[in-house]
Amino acid sequence: MMIVMQEGASEEQIARVIEQIERAGAKAHPSRGEFVTVIGAIGDDRELVASLTLEGLPGVEKVLPILKPFKLVSREFRRDDAVVEVGGRRIGGGSFGLIAGPCTVETRAQTLASARACKEAGATHLRGGAFKPRTSPYAFQGLEDEGLKLLDEARRETGLPIVTEVMEPDKVDLVAEHADILQIGARNVQNFSLLKRVGDAGKPVLLKRGMATTIQEWLLSAEYVLARGNPNVILCERGIRTFEASTRYTLDLNAVPVVKKLSHLPVVVDPSHGTGHWELVESMAMAAVAAGADGLIIEVHPRPEEALSDGPQSLKPERFAALMERVRRIARAMDRDL
Ligand code: PEP
Ligand code: MN
């Protein structure tokens, strides 16, 4: 249920509504728009929440049900686009984010070379995994704590905010000390205890779609994070599994306009994992921008042929710089700031 306050409702009136919601054992989620505040009332006991008589309270314009199964992430709850801002970099609401960097933090030299190249080409955020979800237990699993320190160094040098993955609930506090944005990987999209922990951590979250999750399931996963009081979620389409075997996954660009209709959250696209081949990354990056994405996440490696993970889909710095130029032109045509 959502309570739409009147334009100019006072803080006192808002506080009174929140108090009533909480007294009924539900959680109140205020969302302050430019003109009006909307308060989501979410509780386990739906009938109890519905029975609250908030309509007559001073400052309340109207009380409406949220019909979709996902509530706080829905466009019904919030009409304007959410913006996720870290370190002065915004994603969403007309601001385009270009997150780039290696799949994995491998060495100090490789991390800093990638970071410098991405910054120079105009990336807005740096990516790189210190904890890696690998299909094989024998594959390189990441530098872990050491990798997080290298990411700190890369941020100090470039000023770019860091996006890095966290795989386990017990590691959330550690990774959150180093990351600006916590990445939840495709394989963990329905790891509900992890989603609750990142919801509590207070850092923005980049939530990848699972390779076999429907858009509704993905939005419900995002709802877990918002339900813990963390509104800063960026959704990331990274390809789904289909019968097609000529690409690593099938990049579902339908998801961009579908999600933008259903949700106010920013949506970014990952054409690196979505295609699995560096030659396809630029085309699909441009297509994603044209489809209305709020950003891209792209793998860049100084020497892809030597990469410990995802080399075949990683761009060399000069190719990434060329992609940036073309993406910039399309972003401009789509009224996105980059
Ligand atoms: C990654 O970003 O390197 C990664 C492992 O992505 P995904 O979770 O989408 O496979
Ligand atoms: Mn990767």
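The values are calculated or read from the model by the stated rules, or taken from the named source; none is laboratory data. Everything quoted here is computed from the prediction, not taken from an experiment. Heads up, the Cβs are rebuilt from the backbone with ideal geometry, glycines too, and the neighbour counts pull from every protein chain shown. Each accessible area value is taken on the protein alone, full model and side chains, heavy atoms only, with ligands, DNA and RNA left out. Shrake-Rupley method; radii C 1.70, N 1.55, O 1.52, S 1.80 Å.
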Of residues in the range 165-177 being free of Cβ contacts under 8 Å to residues at least 40 places away in the same chain and touching a strand residue (DSSP E or B) at 6+ places or on another chain (Cβ under 9 Å), the one nearest to Ser272 (Cα to Cα): Glu165
Among residues belonging to the range 306-320 that are open to solvent by less than 40 Å² (accessible area, probe 1.4 Å) and in a helix (DSSP H, G or I), point out the one that is farthest from ligand 1 (Cβ to nearest atom). Pro317
Test result for Leu48, touching a residue at least 24 places away in the same chain (Cβ under 8 Å) and crowded, with 16+ Cβ neighbours inside 10 Å: no
Considering only the range 261-305, state which residues are in a loop (DSSP other than H, G, I, E, B) and either touching a His at 6+ places or on another chain (Cβ under 8 Å) or aliphatic (A, V, I, L, M) (or both). Leu265, Ala291, Ala293
Of the residues Ala123, Ala100, Ala130, only one is aliphatic (A, V, I, L, M), in contact with a Lys or Arg (Cβ under 7 Å, 6 or more places away or on another chain) and within 16 Å of ligand 1 (Cβ to nearest atom); which? Ala100
What pairs can you find where one residue is in the range 128-150 and open to solvent by 70 Å² or more (accessible area, probe 1.4 Å), the other is away from ligand 1 (no atom under 15 Å from the Cβ) and part of a helix (DSSP H, G or I), and their Cβ atoms are less than 6 Å apart, with a gap of 6+ or different chains? none
Residue among Gly199, Gly210, Gly185 that alone is within 16 Å of ligand 2 (Cβ to nearest atom), more than 17 Å from Gly142 (Cβ to Cβ), crowded, with 19+ Cβ neighbours inside 10 Å and not aromatic (Phe, Trp, Tyr): Gly210
Within the range 248-274, the residues that are closer than 22 Å to Val84 by Cα, within 16 Å of ligand 1 (Cβ to nearest atom) and not hydrophobic (A, V, I, L, M, F, W, C) are Asp270, Pro271
Any chance you could count how many residues in the range 157-182 are assigned to a loop (DSSP other than H, G, I, E, B), of a type outside the set (Val, Ile, Thr) and open to solvent by less than 70 Å² (accessible area, probe 1.4 Å)? 6
Within the range 268-290, track down each residue that is surrounded by fewer than 18 Cβ atoms within 10 Å (Cβ to Cβ) and more than 16 Å from ligand 2 (Cβ to nearest atom). Glu279, Ser283, Ala287, Ala290
Within the range 256-266, is even one residue within 16 Å of ligand 2 (Cβ to nearest atom), at pLDDT 95 or above and under 20 Å from Met211 (Cα atoms)? no
Report yes if some residue within the range 184-191 is within 11 Å of Leu235 (Cβ to Cβ) and not in a helix (DSSP H, G or I); otherwise report no. yes
Somewhere in the range 126-140, is a residue within 16 Å of ligand 2 (Cβ to nearest atom), of a type in the set (Gly, Ala, Ser), in a loop (DSSP other than H, G, I, E, B) and within 14 Å of Gly101 (Cα to Cα)? yes
